[in-house]
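Taken together, the values in this text are just the output of simple stated rules run on the coordinates, not laboratory data. Computed from a predicted model, the values in this text were never measured in an experiment. Backbone-built Cβ (ideal geometry, glycine too); neighbour counts: all protein chains shown.
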Amino acid sequence: MNDQTTAINKINQAIIKRFPDWVQIDEREGYEGLVVETAQLIPFMEALQDEFGYDSLTSVTGVDYLPEDKMEVVYHIYKSTGGSILVLKVQVPRSNPVVPSLVSLFPGAAFQEREAWDLLGIRFEGHPNLKRILMWEGFAGHPLRKDWREAFYEGEFKPYEDRWPEGKVSKVETSNPYQENIRYPEGFNPETWIPDTEELLLQGTASIKTETDDMGLETEQLVVNLGPQHPSTHGVFRMVAKLEGETVVDLEPVMGYLHRNHEKIGERNTYSMNMPYTDRLDYFCSMSNNFGYALAVEKLLGEKYQPPERAQYIRVIMAELTRILNHFMAIGFFLNDLGAYFTPALYAIKERELILDIFEAVAGSRMMCNYFRFGGVVRDLPDGMEEHIRKMVYERLPRQVDEMDRYLVENEIVVGRSQGVGVLTPEQAIAYSAVGPVLRASGVPYDIRRADPYSIYDRFEFDVAVRYHGDVYDRFLIRYDEIRQSIRILQQAIDTLPEGEILANKPAYKFRMPKGESYGRVEGPKGELGFYIVSDGTDNPWRYHVRAPSFINLTGLREMSLGEKVADLVAILGSIDIVLGEVDR
Amino acid sequence: MPDELNKSEYNIPPEMEGTVAITTLDRIYNWGRRYSVWPMFFGLACCAIEMIATAGARFDMARFGMEIMRPSPRQCDLMIVSGTVTKKMVPQVVRLYNQMPEPKYVLSMGACASGGGPFKRGYNVIAGIDKYLPVDVYVPGCPPTPQALLFGLMKIQEKIDKESISEVRWYSDEPDEGIPVPILGPDLIDLRDFPALMKKEQEKGNLA
């Protein structure tokens, strides 16, 4: 831990030495990183990229410091060769929050900057397509600002007041039927109001061209809409593709159909109330979502809340089982998308059910486990569970992954449909901030479990799965590799599982949270899952942001799809493996 | 012929038992419909995963004649609202419901679809799909287990059993207007509440 802090300080000092006028150390209590001059952000980032090798901008988000009357944009950036994260900040006045856009340097920032504009109203100058991403165009206000109130506003912080005063139920809906908090824009006239139109939606794509070829035949480009109700979009995702014949010439992903206000609700909640909400982010992988959130909060809480040995092992076991489950389902649904209607998915569901049985036994729920606590896990493994997991990871799972491999990997149709399709080069993958299997299938062996180890991953022997072609087929194959590596970790973990405590502290509802910020990240099944938390010392987080891997992986979707056939769009999307709960949050 | 079709008051000669059934039109109509409910392949959120698990081998929805899920609303008669309905999504959900041919049923799966669930206080979440669609069966849970969903589907079957061909709405003379699709304005605007809402806003002097 201390080694890491000194390493970060060393880097910070080196950067300050190089740019004494542009940056300074963030000296607020509990904060880390550097504050950059707004005007110098772009040259600074350019130099950071070229001279220091920080090439992967992983997270961009904003914080609304209402009492200090300023907005802050927070950047988390790392080297794709490994090492810890560098935190950079830009501060702007709240009345006119304008920050230079980094899309020209890091295209992966595109969606995140749009999200910051949508939810916080921070304007990014020079962004090619700055419009709302999660809410719709025309929505009133920027919901994550601290002075913005929901239609059914009840109070700033949970727990709310008694909803049954003197035995009578009181609901905000009845006391506020007209949703007083909705602010209609100046001169809003319902008769002339035009809702979000398709033209507005397609603004990002170039205009539709009509061409006449040598024979005098007129050809017109065609706009095809997929979703939000479409069986292959894995939920309520939408793509608007522009086609020339069958070839995709432009693509606009549209999201927000499952935007459940995770962050706003999270800022109203207490810290421990957020744990069950993280289950619902990526609803396949509730255990690893718990993991990321627990890490971020434990970082804030300090050494006292470091989980005991046994809890660390249980955490790793659960996280790796989740990875296996997720990758099985990813393979199954990917084959669904290719047209193998449901048979491979049923094989995947079979394994999923067996893993869910373990989750149900340890946590009490199949999907929404809510199993981790700050400083450990909520309860110990039940009797006989160790033996059950050992049998699973030594006998059942290796056999099943080989079976799936035998059935699918060399299948002629799978190979034909996916090889050479949707290529993402390593340079592009890093530029688009791709993470997880998408990044590793492009030949960049970046895995947080190795590059910046957390928990006890430095004790296990495993290889970072990597494939080099960056096409759909490699993204499909890398999931097999990762399942096999996870099985290796599981075998070691279950064999060395120590006895002992499972919680570092007494079970608590509230915690004395020190002031400061923290960013906890884990290598989730879909990639880097990060939680950025700002604490102001109260029971509720001041800012709670989720760096969602599938959301940011989608930034590269357009790049992967250009020039491909329309039928391959579905395969490309399937190979990224998105979950809408996490994309829209 | 299954015995559930026969009306007990008629005696069938022993040699014709098993080949002939004497029954009412209602009963055979509902018997045919209850085992061929086609749900829509329409997932909104977490609950959709449990819905797919229900279609899987362990829970096997096919036992109820319901395994054929169609993505097109035109071919479906059961809408399983499986997950959180957001304000951005609700126009599409209402439109899909309007596109479904009669007879049609709505099953609200999970806490979010039934009443907003954990996300009820969110600014982009509808506190229950029953604010827009007529829901036939609510299945509680977050997410409901596959067993709970199966129980909900059996409740749909029970509901079908009790319907009478002379009373069902799809054979009545009243035209089906459909449900007005809400509009995405500064916030979601339900067209049915629209006049009252606008009057209120005019009183406040918010409108031009």
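Things worth noting here:
- With respect to chain B, whose longest principal axis is taken over its alpha-carbon atoms, helix B:146-161 is tilted by about 70°.
- Cβ charges +1 (Lys, Arg) and -1 (Asp, Glu), total dipole of the stretch A:1-51, debye: 120 debye
- Selection from A:401, A:544, A:529 lying farthest towards where the dipole of the stretch A:262-584 points positive, charges on Cβ: A:544
- What the Cβ-Cβ distance of residue A:24 and residue A:458 gives, at R0 = 30 Å and to the nearest 0.05, is a FRET efficiency of 0.35.
- Where only DSSP H runs of four or more residues are counted, the protein assembly as shown gives -10500 deg cm²/dmol as its mean residue ellipticity at 222 nm, each run worth -39500 (n - 2.57).
- Whole-angstrom gap from the stretch B:55-110 to the stretch A:218-236, using each part's C-alpha centre: 20 Å
- Phi-based couplings in Hz for the stretch B:140-145 (Karplus 6.51, -1.76, 1.60; Gly and Pro marked x): x, x, 9, x, x, 5
- Put simply, when A:525-531, A:389-395, A:575-581, A:349-355 are sorted by average Cβ atoms within 10 angstrom per residue, most first, you get A:525-531, A:575-581, A:349-355, A:389-395.
- Under 5 Å from the amide H of residue A:511 lies no amide H of any residue 5 or more positions distant or on a separate chain, with H modelled from the backbone and absent for Pro and chain starts.
- Exercise: per-residue mean of other protein chain Cβ atoms within 10 Å, A:347-353: 4
- Angle between chain B longest axis and helix B:46-55 axis [Cα atoms, degrees, rounded to 10]: 10 degrees
- P(r) tail fraction, the stretch A:262-584 - alpha-carbon pairs more than 29 Å apart, %: 35 percent
- Shielding by other protein chains, B:124-133, mean Cβ within 10 Å: 3
- Anisotropy class of the stretch B:146-208 from Cα gyration tensor, a/c 1.5 cut: oblate
- Rounded, prolate or oblate (a/c below 1.5 giving rounded, otherwise prolate when a/b exceeds b/c) for the stretch A:391-450 by Cα gyration tensor: oblate
- Cα shape, chain A, gyration tensor, a/c 1.5 rule: rounded
- Each residue of the stretch A:487-502 was assigned a 3J(HN,Hα) from its phi angle through the Karplus curve 6.51 cos²θ - 1.76 cosθ + 1.60 (θ = phi - 60°); the sequence is 4, 4, 4, 4, 4, 5, 5, 6, 6, 10, 4, x, 7, x, 6, 10 Hz, with glycine and proline shown as x.
- Highest mean packing comes first when the peptides A:20-29, A:278-287, A:480-489, A:452-461 are listed by Cβ atoms within 10 Å, giving A:278-287, A:480-489, A:452-461, A:20-29.
- Nearby lysines by direct alpha-carbon distance to residue A:242 (threshold 17 angstrom, same-chain neighbours under 8 apart not counted): A:209, A:565
- When +1 charges are put on Lys and Arg Cβ atoms and -1 charges on Asp and Glu Cβ atoms, the dipole computed for the protein assembly as shown relative to its Cα centre reaches about 1620 debye.
- Karplus 3J(HN,Hα) series, Hz, for the stretch A:448-453 with 6.51 cos²θ - 1.76 cosθ + 1.60 (x for Gly, Pro): 4, 4, 9, 6, 8, x
- Peptide A:225-231 has a mean of 4 when you count, residue by residue, the C-beta atoms of other protein chains within 10 Å of its C-beta.
- Relative protection proxy for B:55-62, A:167-174, from highest mean packing down: B:55-62, A:167-174 (other beta-carbon atoms within 10 angstrom).
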